[in-house]
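To start, the structure itself, in structure tokens.
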Amino acid sequence: MKYLVALTLIFLSGCSTVVPVKINFPAAPEELTKPCPDLDKVEPGTKELSKTLEVVVKNYSKYHECRIKVDAWNEWYKDNKEIFESLNK
């Protein structure tokens, strides 16, 4: 009987032990941390306005696509990290 009580106490004390688990917010995927592509340059000596304008339009598009992607990612990451941290306090 003594052994049964001792074993029961041992099992119950083992069940009540709380082990803290620390979960970190996941890091950003590598694809989303890549820098924006370099902008094109107008060839030196170009005198045609149409070629200069073509480069400017391509650069404008590249910049705005990258800015939208980066801004959206940063907002999503910040919001979700705050939610994660508020749940894990």
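The values are calculated or read from the model by the stated rules, or taken from the named source; none is laboratory data. Given the structure is predicted, the values throughout are model-derived calculations rather than measurements. Reconstructed Cβ throughout: ideal geometry from the backbone, glycine too, with neighbour counts over all protein chains shown.
Per-structure values
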{"quantity": "Boolean, Lys34 is modelled with pLDDT under 80 and surrounded by 10 or more Cβ atoms within 10 Å (Cβ to Cβ)", "calculated": "yes"}
{"quantity": "In region 46-81, residue farthest from the chain's Cα centre (by Cα) [restricted to those that are of a type in the set (Lys, Arg) and assigned to a helix (DSSP H, G or I)]", "calculated": "Lys51"}
